[in-house]
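Take a look at the structure below.
The values are calculated or read from the model by the stated rules, or taken from the named source; none is laboratory data. All values reported here derive from a predicted model rather than from experimental measurement. Neighbour counts are summed over all protein chains in view; Cβ atoms, including those assigned to glycine, are modelled from backbone coordinates with ideal geometry. We work out accessible area using only protein heavy atoms, side chains counted, and drop any ligands, DNA or RNA first. Shrake-Rupley method; radii C 1.70, N 1.55, O 1.52, S 1.80 Å.
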Amino acid sequence: MTTRPVIGISTYLTEAKWDHWDAQRAVLLPHRYPLLVQEAGGIPLLLPPQAPETAPDLLARVDGLVIAGGPDVNPSLYGAQPHPKTRAFAPERDLWEAALLRAALAAGLPLLGICRGMQLLNVVCGGSLIQHLEDGADHLGTPNHYGSHPIRPLPGTRLAQLLPETEVVVPTFHHQAVDRLGEGLTVSARAGDGTVEAVEGEGFVLGVQWHPEQGTDLRVMEALVTAAMVPTPVG
C-alpha cells in the first residue's frame, strides 16, 4: 500500500487586494495548480518564498516538487542583459525557486517545472533562454486567456511514454523559451516551429513549457504523483 504523496508547489510573492485591504503583500497561487495535484492523487502544499538556505530542510518534508509558472526569470541569472520585453520582477522568487530546484536535484526528489518553472530549471542547470519569441507566434495567448497549440513529444523520451500521441494540443502562455540547453537535460518535446516544449533529466525531472493546470489532461501530473508515492509502513 501507499500513502498519498505530499507535493510542494512554489508560489507568488506579490501585492494583492481583498475585502477591505488594498495592495497587501501576499503569497498566492492560482487555484488550478493545487486542484491539479489533488485530481492526480496528491496532497498539495504551498511553498512561499523564503530564505534560500532553508530549501533542503523543507524539501525533506515533501515527496515531490512543482515549480509553478509566473513572471520572466531575471536574465542576470544566465549572464544576459534584459530584452525590452522581458518582465522580470520577482527577485525573491527567482532565488528561492532556484534553491528549491538545486536541492531537489541533489536529493533526487521528483520534480515538475511548469512554464517559468521549466525555464528556471534550464537556467539552474547552466542553460539560457530566448527572451522574446517572434511576435505573432502562437505560444502567447491574449490578456487573461491562455492560447493553445500542438506539441510533439520526441520518441525515446519519458514524455513520449506519458504522451504517446504524435501531437498533443496544450494550453500555453509564454513569450520566452529554452535557448542553450542546461547540462544533464534532454529535449523531450517541440512545437511545430521548433520551440523547445519539454525537457527532462535523470530520475523524475520534467519541465513542460505549457500549463497542464489549465487543461483536463492529468497524465503529466499523475506521473509526478506516481514517482513521489511513499510506501505505507508495515507493522
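So here's what we get for this one:
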| read-out | value |
| --- | --- |
| Hey, residue 165 outside any strand (DSSP E or B) and open to solvent by 90 Å² or more (accessible area, probe 1.4 Å) or not | no |
| From the options 117, 113, 127, 70, residue that is under 21 Å from residue 187 (Cβ atoms), open to solvent by less than 40 Å² (accessible area, probe 1.4 Å), assigned to a loop (DSSP other than H, G, I, E, B) and touching a residue at least 40 places away in the same chain (Cβ under 8 Å) | 127 |
| Looking only at segment 175-193, and only at residues there that are at pLDDT 95 or above and under 14 Å from residue 154 (Cα atoms), the one that is most open to solvent (accessible area, probe 1.4 Å) | 190 |
| Residue in segment 159-168 that is of a type in the set (D, E, K, R) and either at pLDDT below 95 or within 19 Å of residue 64 (Cα to Cα) (or both) present | no |
| Filter result for residue 34 (assigned to a loop (DSSP other than H, G, I, E, B) and either over 29 Å from residue 217 (Cα atoms) or within 18 Å of the chain's Cα centre (by Cα) (or both)) | no |
| So residue 134, is it open to solvent by 70 Å² or more (accessible area, probe 1.4 Å) and touching a Leu at 6+ places or on another chain (Cβ under 7 Å) | no |
| Counted residues, segment 34-67 - those being in contact (Cβ under 8 Å) with a residue 60 or more places away in the chain and either among the aromatic types (Phe, Trp, Tyr) or open to solvent by 20 Å² or more (accessible area, probe 1.4 Å) (or both) | 4 |
| Which listed residue is open to solvent by less than 80 Å² (accessible area, probe 1.4 Å), small (Gly, Ala, Ser) and more than 14 Å from the chain's Cα centre (by Cα), from 103, 98 | 103 |
| Some residue of segment 74-81 being of a type in the set (Phe, Trp, Tyr) and open to solvent by less than 10 Å² (accessible area, probe 1.4 Å) | no |
| Residue in segment 26-33 that is closer than 27 Å to residue 158 by Cα and open to solvent by less than 80 Å² (accessible area, probe 1.4 Å) present | yes |
